[in-house]
Amino acid sequence: MSTRRDFIKKAIVSTSALSFGGVLNGLSAKSYSNINGANDKIRVAAIGVNSRGGALAANFAKQKGCEITYICDVDSRAIAKCSDAVAKIQGFRPKGEKDLRKVLESKDVDAVIIATPDHWHAPAALMAMQAGKDIYLEKPCSYCPEEGEILINGVAKYNRVLQMGNQRRSWPNVQEGIQAIKEGIIGNVHFGKAWYTNNRTSIGTGKEVAVPEGLDWDLWQGPAPRVAYKDNIVHYNWHWFWRWGTAESMNNGTHMVDILRWGMELEYPTMVNSAGGRYFFKDDWETPDTQVINMEFGKSKSMTWEGRSCNGRTIEGSSVGSMFYGDKGSMLITGSDGYRVFDMDNKVVKQQYSKIEIDPRNLMNPAESLDALHINNFFDGIRKGEKLNSDIVSGHKSTLLMQVGNIAQRVGRQLNIDSANGRIMHDTDAMKYWSRDYQPGWEMKL
């Protein structure tokens, strides 16, 4: 079927290449919007804009060749706030709509940003594919492993472009560091450690109250089985409830574990275990606030992720990071666009960083100008068929590492994994978490 995306691809004759080396060090808020030179507009709908999605909508609007045509959220207050911000950037106000199904029916939408709560990610992405839209999908790409498998099949079936939002894959100095690892700068890497720390406060004990005016609670729940509204869920604390959220491991761990898997050139693990719990407060928070996930890849390589949601003591001087340990040295990649190499005596022998300041704990927009590179890689995938820096296959594999870690945590034992496909072996109880329960009528169907 001929689509507007196909027309855009054919209409592009040439696009000047971006020289990362001279641009990133001097990138400003005014200049970074010019990194894509294409004239053909890609019309984008932003879905889920209360926090991170609002920042993404603004970032997309700043890119040449992009128009935000729709702002979609189940909360009318979020629609109004994001629409105001986008209108100031692009000079006209996008349409507002609370139901993504109506947005996907529009012929004025070529692609969508999905930055909803996690339980919505995969169902919304599949619906967008089926409507003929391309997708920029925030991490994690899925709530459970089966949903990731469905998305892989969906991209193939519907011939769509899907970029996952683990944006560090497009940061030039991170790319340089990963390439240096692959070329042997620290020798054979046997072990990797990733981490995230913060000082999150208690979410208290929720009370059943009236749904706030302007919020469609039924549509917010969407694919998830229905429960009554409580006052400590929306708009952020849903992360810590298993019904909708995926724990700190997938909220933040996905990013840095993805870097480890990328640099160590690993696919699926052979063994996963997890230890941790809700230690710091007695409240409604269900997922671990303290968790260590260990992963083995055969007998020669392993990695671990440490998450501390309620104790912000840093590791290697950073609240987030990935550390590679080789037989000739080590490499540190934190939340910044850069890396540092140590020899076996802990001496720094090389480092490379951009001058752009990044706050990894910023919930909305930690690195806007760098994220623009990931956005434009997505656009190049649409316009020119260029290789995505984080396609669904890669995104699923990294997401899966944290998913099976959470499953190990919930069943309370070590899991043996099939290295060919990532599936849990010989454990029917654990495999119950491979899929999820849906509200009737909201099941994902290819």
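Using the Cβ of S302 as centre and a radius below 13 Å, the other residues enclosed give a net charge of +3, where K and R count +1 and D and E count -1. The phi torsions of the range 65-70, fed into the Karplus equation with coefficients 6.51, -1.76 and 1.60 and a -60° offset, translate into couplings of x, 9, 10, 8, 9, 9 Hz, rounded to whole numbers, with Gly and Pro shown as x. 3J(HN,Hα) along the range 265-275: 6, 10, 10, 9, x, 10, 8, 9, 9, 8, 9 Hz, from the Karplus curve 6.51 cos²θ - 1.76 cosθ + 1.60 with θ = phi - 60°, whole Hz, x for Gly and Pro. Please report how far the C-alpha centroid of the range 193-248 lies from that of the range 65-128, rounded to the nearest whole angstrom. Computed from Cα coordinates, the inter-centre distance equals 21 Å. Based on DSSP H segments of at least four residues, each scored -39500 (n - 2.57), the chain has a per-residue ellipticity at 222 nm of -9000 deg cm²/dmol. Here's how it looks for W195: its modeled amide H is under 5 Å from those of E306, G321, which are all 5 or more places away or on a different chain. Here the relative contact order of the range 331-426, from alpha carbon pairs under 8 Å that lie six or more residues apart, stands at 12 percent. Distances between placed amide hydrogens fall under 5 Å for C66 paired with I42, all partners being 5 or more residues away or on another chain.
Return the carbon/sulfur percentage of the accessible area of the range 204-250, one whole number, probe 1.4 Å, all protein chains in place. Provide the component values of the computation, followed by the final result.
Details: 950 of 1840 Å².
Percent of accessible area from carbon and sulfur atoms in the range 204-250: 52.
When the trypsin sites (Lys or Arg not before Pro) in the range 95-137 are filtered for DSSP coil states and for at most 15 other beta-carbon atoms within 10 Å of their beta-carbon, the remaining sites are K107.
Against the set (1) 1.05; (2) 1.47; (3) 0.95, the structure's computed Cα Rg over 2.2 N^0.38 Å falls on (3).
Just to confirm, what accessible area per residue do you get for the chain at 1.4 Å probe, in whole Å²? List each step's numbers first, then the result.
Working: 17980 Å² over 446 residues.
In whole numbers, the chain has 40 Å² accessible per residue.
Oblate is the label for the range 320-434. Its Cα gyration tensor axes, ordered a ≥ b ≥ c, give a/c of at least 1.5 and b/c at or above a/b. Couplings for the range 239-256, taken from phi via the Karplus curve 6.51 cos²θ - 1.76 cosθ + 1.60 with θ = phi - 60°, read 3, 9, 10, 4, 4, 10, x, 9, 6, 5, 4, 9, 5, 10, x, 3, 4, 7 Hz in order; Gly and Pro are left as x. Contact order for the chain, expressed relative to its length and based on alpha carbon pairs under 8 Å spaced 6+ residues apart, stands at 20 percent.
Taking every DSSP beta bridge that has both ends in the chain, the antiparallel portion is near 60%. Amide H contacts under 5 Å for A367: none, restricted to partners 5 or more places along the chain or on a different chain, H placed in the peptide plane at 1.01 Å from N. Summing charges over neighbours of D427, with a neighbour being any other residue whose Cβ is under 14 Å away from its Cβ, gives +2 when K and R count +1 and D and E count -1.
Students often check this: by mean Cβ neighbours within 10 Å, which of 204-213, 143-152 ranks highest, and how do the rest follow? All intermediate terms of the calculation are to be shown ahead of the outcome.
Working: 204-213: 11.3, 143-152: 23.0.
Order by mean packing, descending: 143-152, 204-213.
Sorting 385-396, 220-231, 62-73 by their mean Cβ neighbour count within 10 Å, with the most densely packed peptide first, gives 62-73, 385-396, 220-231.
The values are calculated or read from the model by the stated rules, or taken from the named source; none is laboratory data. Keep in mind the model is a prediction, meaning the values are calculated, not measured. Cβ coordinates were reconstructed from backbone atoms using ideal geometry, including for glycine residues, and neighbour counts include every protein chain displayed. These accessible areas exclude ligands, DNA and RNA; they are computed on the full protein's heavy atoms, side chains included. Shrake-Rupley method; radii C 1.70, N 1.55, O 1.52, S 1.80 Å.
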